[in-house]
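Structure first, commentary second.
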Amino acid sequence: MTGAVDPVRAPDGPARVMARSLVLSARTAALSFLHPDNAAPFVSRIAIGTAPKGELIALLSGISLHSRALQIAPGAALLIGEVTTKGDPLTSPRLALQVTAQILARDDALHPARRAAWLVTHPKAALYIDFADFFFVRFQVTGGLLNGGFGRAYHIGPADIDLA
């Protein structure tokens, strides 16, 4: 079919605010990655948050399947947004992001600030955050799609959710 109109719009101010709000309020996300044993798509739920310098981060265990996968192939996707309890769940806002994962060293100068910020929003992580196999991963956004509800879909780029 030629001449088809893309139903997904360029982001406007309210769409950018919604995208940032979804990221800033998120405590979990679905992480899609390539399975390290067979390169087939796979998904996992992870805890997610932001660090003081505007980074989108996760605290992962080195023994998890998704950690091993991201070390081999850092390209991934995140789905952020919770389903509301009322109405049609498909009208709940959600943000699908294409990301590149970067594993962060514990001796990185920003590790103490990341750790402190993480514990504010994920206080139960105090039980394991300092275990030797846990580390932070930064997700660099390369693109995405915001679905703000029926008829409200927007292309999202890194600048649209700049958290710095």
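Rule-based calculations on the coordinates, nothing more; no lab input. The structure presented is a predicted model; accordingly, all values stated were derived computationally and were not measured. Methodologically, a virtual Cβ is constructed for each residue, glycine included, from the backbone with ideal geometry; neighbour enumeration extends over all protein chains shown.
Taking θ as phi - 60° and the Karplus parameters 6.51, -1.76 and 1.60, the scalar couplings of the range 136-141 work out to 8, 10, 9, 9, 8, 6 Hz in sequence order, x denoting glycine and proline.
If you work out Rg and Dmax of the Cα atoms in Å from the coordinates, which of (1) 25.8, 103; (2) 24.3, 72; (3) 16.6, 57 do you get? Identified label for the calculated read-out: (3).
Put the Cα centre of the range 79-136 next to the Cα centre of the range 1-59 and the gap is 12 Å. Subtracting the Cα-Cα distance of Ala126 and Val83 from their residue separation scaled by 0.36 nm leaves 12.7 nm. Around the amide H of Ile156, modelled in the peptide plane, lie the amide H atoms of Gly144, Leu145, Leu146, all under 5 Å away and 5 or more residues distant in sequence or on another chain. Remark: relative contact order (the range 13-157) = 25 percent; criterion is Cα-Cα distance under 8 angstrom and separation of 6 or more residues. On full extension, the segment bounded by Ala30 and Ala73 gains 13.8 nm, given 0.36 nm per residue less the C-alpha separation. Backbone geometry of the range 99-109 corresponds, through the Karplus equation with coefficients 6.51, -1.76 and 1.60 at θ = phi - 60°, to 3J(HN,Hα) couplings of 9, 10, 8, 10, 6, 9, 6, 5, 8, 4, 4 Hz, x marking Gly and Pro.
About its Cα centre, the dipole of the range 1-141 is roughly 300 debye, where the only charges are +1 on Lys and Arg Cβ and -1 on Asp and Glu Cβ. Full extension of the chain segment joining Ser92 with Ala10 gains 27.6 nm, where the gain is 0.36 nm per residue of separation less the Cα-Cα distance.
Compute the long axis of helix 111-121 from its Cα atoms, compare it with the longest principal axis of the Cα atoms of the chain, and write down the angle in degrees, 0 to 90, nearest 10. Orientation of helix 111-121: about 60 degrees from the principal axis.
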